[in-house]
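Undergrad: Got a structure here, written out as structure tokens. Questions coming.
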Amino acid sequence: MNDAMVEKNKKDFRTGSWFSGVIINGILILLALSVIIPLLLPWFFVFKTRLECSYNPWSLPTQIRWSNFAEAWTAIRIDQGLINTVIVCLGAIACTVPPAAMAGYIFARYRSKVTEVIFYLILAGYFVPIQMVLIPLYKLCSQLSLTDTLPGVILSLAAFGIPFWTIIYRSFFQSLPGELAEAARIDGAGHMVTFFRIMLPLAKPATVLAVLLVFIGAWSDYLLSLILLNSQDRFTMQLRIAQFLNAYGVDHMPRYAAAAIIAAAPTIILYILGHRWILRGTLAGALKG
Amino acid sequence: MDYDILLGKPAKDKSRKKQMREIIFFKIFFLLPAVLFLAVFMYYPIKETFQLSMMRASGLGESVFIGFENYVRLFTNEEFQSGLINVFRWAFWSVVIQIPLSFFIAFSLVAYRNKMTNGLRAVYYLASVLPSAIVAMLGRFMFAPNFGIIASISRKFNWIWLDKVDFLGDPRIAFWSVFFVATWAYIGFYIVYIMANIEQIPVDIREAAELDGANRWQYAIHIVLPIISYPLRIIAVLCVVGSLKLFDLPYLLTGGGPGHATKTLGIILYQQGFVNWQYGKAAAVGVVIFLLSLIFTVAQFSWQRKEGDIG
């Protein structure tokens, strides 16, 4: 189904009373507020002192103090975590997307009995929960001296991301017309050149999607980094946030609020900048998967 | 007729055999990275998990083969039993609450489309994009006793009954608090997914329904629901498998407590493996998670095949 047809489907209902519309839209707005308010509420407390906050939590702050931010910053040190997280994200993209694209291309264009068997082995990997292999994965990484290193997290993330993206690339390459590759071959291009010059650029939508969603997956990863990383300076952002969560309570509300703001800020900024892409990517994935 | 000659394979002097070898080399070269990744970081660990689950193994010392003892011990262990119950309770309520709620929101967004629709959808999805550590942080911010937002509001208005509720510390309530936070975080994805599928329905079908005098909700229940039953079932399976794997949110919000109230199989696995260093038992939990998710996934596929409809 093409975009124009979907656009046509978005046409509004002709019938129905305005009253039901008001109620439904009211519910929808309330739900949206339930998402936004917890993200905004910390600003209400962040400028107060601890004492002020426990006596008058709901009055406006008497003055704007930034000291809570400084305190939360030293407790959470999200800047260090951010660098590690970005390294993990980029590494995960570099280790997930190219192998998946290459394998998907073979499964789509160079089919044989052997490749079909390998494809089903990779497909099966999509259904393996990462929890299942946590212990051996940890042991394996310590044998390869990858524990407490970012590559350990990156390689494990990649292995569990490759199956899904291989499936996506396979169906994408299958949907491309075969004549293009044949034409390139007639012009004397080798297999490699055909892939890198002709087919891969045509698969750009799939690649954009893969890069984006692998990035988000690696960005939010908690479990793998939790078991594989143990020294402070290698902690990812999520580990640092979790560490703050376990060390400091809500009883010091202003500091907690400041930490919540700092913790959520990178994700929210990225989302505001890229939500069109992220939504489009999710939609494409939703309809393909 | 030899098509290879017609297609003008690059070097004319190359023999056919050589070209075949070239293709095979190309295939191997292109498949190797993915296959290596999976073999080393997935299939080898899977084999190890099955092996470990049959052994008494800890971080140190020799591993001893003990057959199914780990499994027997697990299933007679109270903690594991409550973990299983929690996980299935979680799966049941996710399917019963989260999916209908997401369908209601998704259909409302489509049926009452206006200028806000895309913005609202983006806001709902934001909660799904937030990493679980941040969601847990916000969850505690709202639900913490004495200082949390809810406690603070209830004191402000003198609602003593609400102030007394310990959302994360009361064993009867903790499960529902965590479930509430999870629903808040997860339904954004379901909404986007269901909306995308509703928008695929051809407009003719809706016009026909309108001609027959159906209003929006009759159309939703009698026409949209059957049409998107397949994607809805996929989400149901995602919900169930997600519950089996559940770890981040309960672990960060309550650590599985109080008691075993919010213990999940994922938390038990983590604690057995990385707190108690009982590798064998942890691996057995991993096998249970795997087998249960396999059963639900296969059930979904066979269900789909029996009905003979695909997407």
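The values are calculated or read from the model by the stated rules, or taken from the named source; none is laboratory data. Quick caveat, the model's predicted, so the values are computed rather than measured. We place every Cβ from the backbone using ideal geometry, glycine too, and count neighbours over all the protein chains shown. Surface accessibility is based on the protein's heavy atoms, side chains included, excluding ligands, DNA and RNA. Shrake-Rupley method; radii C 1.70, N 1.55, O 1.52, S 1.80 Å.
Undergrad: Which condition number in (1) at pLDDT 90 or above; (2) surrounded by fewer than 15 Cβ atoms within 10 Å (Cβ to Cβ); (3) not β-branched (Val, Ile, Thr) is the one that B:TRP93 fails?
TA: Condition not satisfied by B:TRP93: (2).
Undergrad: Something else: From (1) open to solvent by less than 10 Å² (accessible area, probe 1.4 Å); (2) touching a residue at least 12 places away in the same chain (Cβ under 8 Å); (3) β-branched (Val, Ile, Thr), pick out the condition that doesn't hold for A:ILE167.
TA: A:ILE167 satisfies every listed condition except (1).
Undergrad: Out of the stretch B:40-72, which residues are buried (at least 17 other Cβ atoms within 10 Å of the Cβ) and in a strand (DSSP E or B)?
TA: Within the stretch B:40-72, B:MET55, B:ARG56 qualify.
Undergrad: Out of the residues in the stretch B:209-223 that are open to solvent by less than 50 Å² (accessible area, probe 1.4 Å) and more than 9 Å from every other protein chain (Cβ to nearest Cβ), state the one that is nearest to B:PHE103 (Cα to Cα).
TA: If we take residues in the stretch B:209-223 being open to solvent by less than 50 Å² (accessible area, probe 1.4 Å) and more than 9 Å from every other protein chain (Cβ to nearest Cβ), then B:ALA220 is nearest to B:PHE103 (Cα to Cα).
Undergrad: Moving to a separate point now. Among the residues of the stretch B:224-256, count how many are β-branched (Val, Ile, Thr), open to solvent by less than 30 Å² (accessible area, probe 1.4 Å) and free of Cβ contacts under 8 Å to residues at least 60 places away in the same chain.
TA: 2
Undergrad: Please tell me if A:SER34 is within 12 Å of chain B (Cβ to nearest Cβ), in contact with a helix residue (DSSP H, G or I) (Cβ under 8 Å, 6 or more places away or on another chain), surrounded by 13 or more Cβ atoms within 10 Å (Cβ to Cβ) and at pLDDT below 90.
TA: So A:SER34 fails the test.
Undergrad: Could you please find all residues in the stretch A:178-212 being β-branched (Val, Ile, Thr) and closer than 28 Å to A:ARG280 by Cβ?
TA: Result: A:ILE198, A:THR207, A:VAL208, A:VAL211.
Undergrad: Of the conditions (1) facing chain A (nearest Cβ under 8 Å); (2) out of contact with any helix residue (DSSP H, G or I) (no Cβ under 6 Å at 6 or more places or on another chain), B:PHE189 satisfies every one except a single condition; which number is it?
TA: Every condition holds for B:PHE189 apart from (2).
Undergrad: Now for a separate question. Filter the stretch B:128-139 down to the residues that are part of a helix (DSSP H, G or I) and at the interface with another protein chain (Cβ under 7 Å from one of its Cβ atoms), then identify the one that is nearest to A:PHE44 (Cα to Cα).
TA: It comes out as B:LEU138.
Undergrad: Can you name the residue in the stretch B:150-171 that is under 29 Å from the mean Cα position of the chain (by Cα) and aliphatic (A, V, I, L, M) and, of all such residues, is surrounded by the fewest Cβ atoms within 10 Å (Cβ to Cβ)?
TA: Start the filter on the stretch B:150-171 by keeping residues that are under 29 Å from the mean Cα position of the chain (by Cα), which leaves B:150, B:166-171.
Next, from what is left, pick out any that are aliphatic (A, V, I, L, M): B:150, B:168.
Working: B:ILE150: 18, B:LEU168: 23.
If we take residues in the stretch B:150-171 being under 29 Å from the mean Cα position of the chain (by Cα) and aliphatic (A, V, I, L, M), then B:ILE150 is surrounded by the fewest Cβ atoms within 10 Å (Cβ to Cβ).
Undergrad: Take B:GLU78 and tell me if it is out of contact with any His (no Cβ under 6 Å at 6 or more places or on another chain), of a type in the set (Asp, Glu) and modelled with pLDDT of 85 or more.
TA: Spelling it out, B:GLU78 is indeed out of contact with any His (no Cβ under 6 Å at 6 or more places or on another chain), of a type in the set (Asp, Glu) and modelled with pLDDT of 85 or more.
Undergrad: Take the stretch A:112-126 and flag every residue that is within 10 Å of another protein chain (Cβ to nearest Cβ) and more than 19 Å from the chain's Cα centre (by Cα).
TA: A:SER112, A:VAL114, A:THR115, A:ILE118, A:PHE119, A:LEU121, A:ILE122, A:ALA124, A:GLY125
Undergrad: Being more than 10 Å from chain B (Cβ to nearest Cβ), buried (at least 17 other Cβ atoms within 10 Å of the Cβ), modelled with pLDDT under 85 and part of a helix (DSSP H, G or I) narrows it down to one residue among A:ALA181, A:ALA210; which is it?
TA: None of the other options fit; the residue is A:ALA181.
Undergrad: I've got another one for you. For B:GLY59, work out the one condition from (1) more than 12 Å from chain A (Cβ to nearest Cβ); (2) at pLDDT below 90 it doesn't fulfil.
TA: (1)
Undergrad: Next up: Only one residue in A:PHE215, A:PHE235, A:PHE196 is of a type in the set (Phe, Trp, Tyr), over 25 Å from B:GLN200 (Cβ atoms) and exposed (fewer than 15 other Cβ atoms within 10 Å of the Cβ), so which one is that?
TA: So the residue among A:PHE215, A:PHE235, A:PHE196 that is of a type in the set (Phe, Trp, Tyr), over 25 Å from B:GLN200 (Cβ atoms) and exposed (fewer than 15 other Cβ atoms within 10 Å of the Cβ) is A:PHE196.
Undergrad: Exactly one of these conditions fails for B:MET142: (1) more than 27 Å from A:ARG276 (Cβ to Cβ); (2) open to solvent by 20 Å² or more (accessible area, probe 1.4 Å); (3) more than 7 Å from chain A (Cβ to nearest Cβ). Give me its number.
TA: Here B:MET142 meets the rest and fails (3).
Undergrad: Also, I was wondering about something else. Run down A:GLY188, A:GLY161 and say which single residue is outside any helix (DSSP H, G or I) and either within 12 Å of chain B (Cβ to nearest Cβ) or within 17 Å of the chain's Cα centre (by Cα) (or both).
TA: None of the other options fit; the residue is A:GLY188.
Undergrad: Residues of the stretch A:238-283 being at the interface with another protein chain (Cβ under 8 Å from one of its Cβ atoms), closer than 30 Å to A:VAL208 by Cβ and buried (at least 24 other Cβ atoms within 10 Å of the Cβ), which ones?
TA: Listed by number, the residues that qualify are A:GLN238, A:ILE241, A:ALA263.
Undergrad: In contact with an Asp or Glu (Cβ under 9 Å, 6 or more places away or on another chain) and surrounded by 15 or more Cβ atoms within 10 Å (Cβ to Cβ): does that describe B:GLY286?
TA: Answer is no for this residue.
Undergrad: Which residues, counting only those in the stretch B:99-109, are open to solvent by less than 10 Å² (accessible area, probe 1.4 Å) and among the aliphatic types (A, V, I, L, M)?
TA: B:ILE105, B:ALA106, B:LEU109
Undergrad: For residues that are open to solvent by less than 50 Å² (accessible area, probe 1.4 Å) and of a type outside the set (Val, Ile, Thr), scanning just the stretch A:66-77, find the one that is farthest from A:PHE235 (Cα to Cα).
TA: A:ASN68
Undergrad: Test each condition in (1) among the aliphatic types (A, V, I, L, M); (2) at pLDDT below 85; (3) open to solvent by less than 80 Å² (accessible area, probe 1.4 Å) for B:MET1 and report the one that comes out false.
TA: It is condition (3) that B:MET1 fails.
Undergrad: Related question: Out of the residues in the stretch A:37-53 that are in contact (Cβ under 8 Å) with a residue 12 or more places away in the chain and of a type in the set (Val, Ile, Thr), state the one that is surrounded by the fewest Cβ atoms within 10 Å (Cβ to Cβ).
TA: Filtering first and then ranking leaves A:THR49.
Undergrad: What are the pairs, 6+ residues apart or on separate chains, where a residue within the stretch B:91-115 that is within 11 Å of another protein chain (Cβ to nearest Cβ) has its Cβ under 7 Å from a residue that is surrounded by fewer than 24 Cβ atoms within 10 Å (Cβ to Cβ) and among the polar types (S, T, N, Q)?
TA: Note: pairs meeting the criteria are B:LEU109/B:THR117; B:TYR112/A:ASN25.
Condition check ((1) at pLDDT 90 or above; (2) in a helix (DSSP H, G or I); (3) at positive phi) across all residues:
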position: A:ILE227; (1), (2), (3): yes, yes, no
position: A:ASN230; (1), (2), (3): no, no, no
position: A:GLN243; (1), (2), (3): no, yes, no
position: A:PRO254; (1), (2), (3): no, yes, no
position: A:ALA264; (1), (2), (3): no, yes, no
position: A:ARG276; (1), (2), (3): no, yes, no
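Undergrad: While we're looking at this one, here's another question. Looking only at the stretch B:111-127, which residues are at pLDDT below 90 and part of a helix (DSSP H, G or I)?
TA: From the stretch B:111-127, those at pLDDT below 90 are B:111-118; that's our starting set.
If the condition is that a residue be at pLDDT below 90 and part of a helix (DSSP H, G or I), then B:ALA111, B:THR117, B:ASN118 are the ones that fit.
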